[in-house]
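In what follows, a structure is listed as structure tokens, so that the remarks can point back to it.
The values are calculated or read from the model by the stated rules, or taken from the named source; none is laboratory data. Because the structure is predicted, anything quoted here is derived from the model rather than measured. Cβ coordinates were reconstructed from backbone atoms using ideal geometry, including for glycine residues, and neighbour counts include every protein chain displayed. When the accessible area is computed, the model is the full protein with side chains, heavy atoms only, and any ligands, DNA or RNA have been set aside. Shrake-Rupley method; radii C 1.70, N 1.55, O 1.52, S 1.80 Å.
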Amino acid sequence: MAVGADHGGFALKERLAAELRDRGHAVTDCGTHSTESADYPDFAHAVARHVADGSCDVGIVVDGAGIGSAMTANKVPGIRAATCWDVSSAQNSREHNHANVLSLGAGLLGENLALQVVYAWLATPWGGERHARRVNKITEYEGRYLRGQR
Ligand SMILES: O=C[C@H](O)[C@H](O)[C@H](O)COP(=O)(O)O
């Protein structure tokens, strides 16, 4: 998986990457690498590109609120980024929305809750069935804009 964060998400991203590596996950760290002020679009975009091109299966982006990074990641075709604040929203985003990028707000979640959210998100399977029809529509609407249509 790919992970990335701005300065506000740096500490949580470091903790998540270490925990996930301990659990055997391959983690590609897209930065940032310090608490020096950094722009979340750069890191969210880097994570989204890794997921969209298939070099990573999923991504996790962390900033202060988890909002700007999700907005950025969702500009990359093929990305379905979801900001999640708790286990329920994490499970919903996977089962119903087939999210492939998880966005977290380090200023809103403590580290322990963030870890619970990440593990729930990773463990929840895609539901398919009726949800597939709706996610296919997301992809279809995205494709219209890529083709210059509306
Ligand atoms: O959605 C955006 C994120 O919360 C950013 O982490 C935030 O805007 C950064 O703001 P600041 O530079 O004041 O830490």
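Here the chain exposes an accessible surface that is 49 percent carbon and sulfur, computed with a 1.4 Å probe and the other protein chains kept in place. With semi-axes defined as the square roots of five times the eigenvalues of the C-alpha gyration tensor, the equivalent ellipsoid of the stretch 83-150 measures 27, 15, 7 Å, largest first. If the segment from D22 to E111 were pulled out straight at 0.36 nm per residue, it would be longer than the present Cα-Cα gap by 30.4 nm. Taking amide H as placed 1.01 Å from N in the peptide plane, S103 has its amide H under 5 Å from the amide H of V61, A82, T83, C84, each at least 5 places away in sequence or on another chain.
R144 sits with roughly 70 Å² accessible to a 1.4 Å probe, with DNA, RNA and ligands left out of the calculation. Nearest 10 degrees, 0 to 90: what angle lies between the long axis of helix 130-146 and the longest principal axis of the chain (Cα atoms)? Approximately 90 degrees, to the nearest 10. Toward the positive end of the charge dipole of the chain, with +1 on the Cβ of Lys and Arg and -1 on the Cβ of Asp and Glu, the farthest Cα among S37, A106, G68 is that of G68.
Using a 7 Å offset from Cα along Cα-Cβ at D53, what residues in the stretch 1-26 end up with backbone N under 20 Å from the label point? Label zone hits: 1-5, 26.
For R49, neighbours were defined as the other residues whose beta-carbon sits under 12 Å from its Cβ, and their charges (Lys and Arg +1, Asp and Glu -1) total -1. Segment E14..V87, full-extension length gain: 24.2 nm, with 0.36 nm per residue of separation and the alpha-carbon distance subtracted.
Backbone phi angles across the stretch 73-90, fed through the Karplus curve with coefficients 6.51, -1.76 and 1.60 (θ = phi - 60°), yield HN-Hα couplings of 4, 6, 7, 8, x, x, 8, 10, 9, 10, 7, 10, 10, 7, 5, 5, 5, 5 Hz in residue order; Gly and Pro are listed as x.
Gyration tensor over the Cα atoms of the stretch 2-146: the corresponding equivalent ellipsoid has semi-axes (square roots of 5 times the eigenvalues, largest first) of 23, 17, 13 Å. The residues of the stretch 2-146 expose on average 49 square angstrom of accessible surface per residue, using a 1.4 Å probe on protein heavy atoms.
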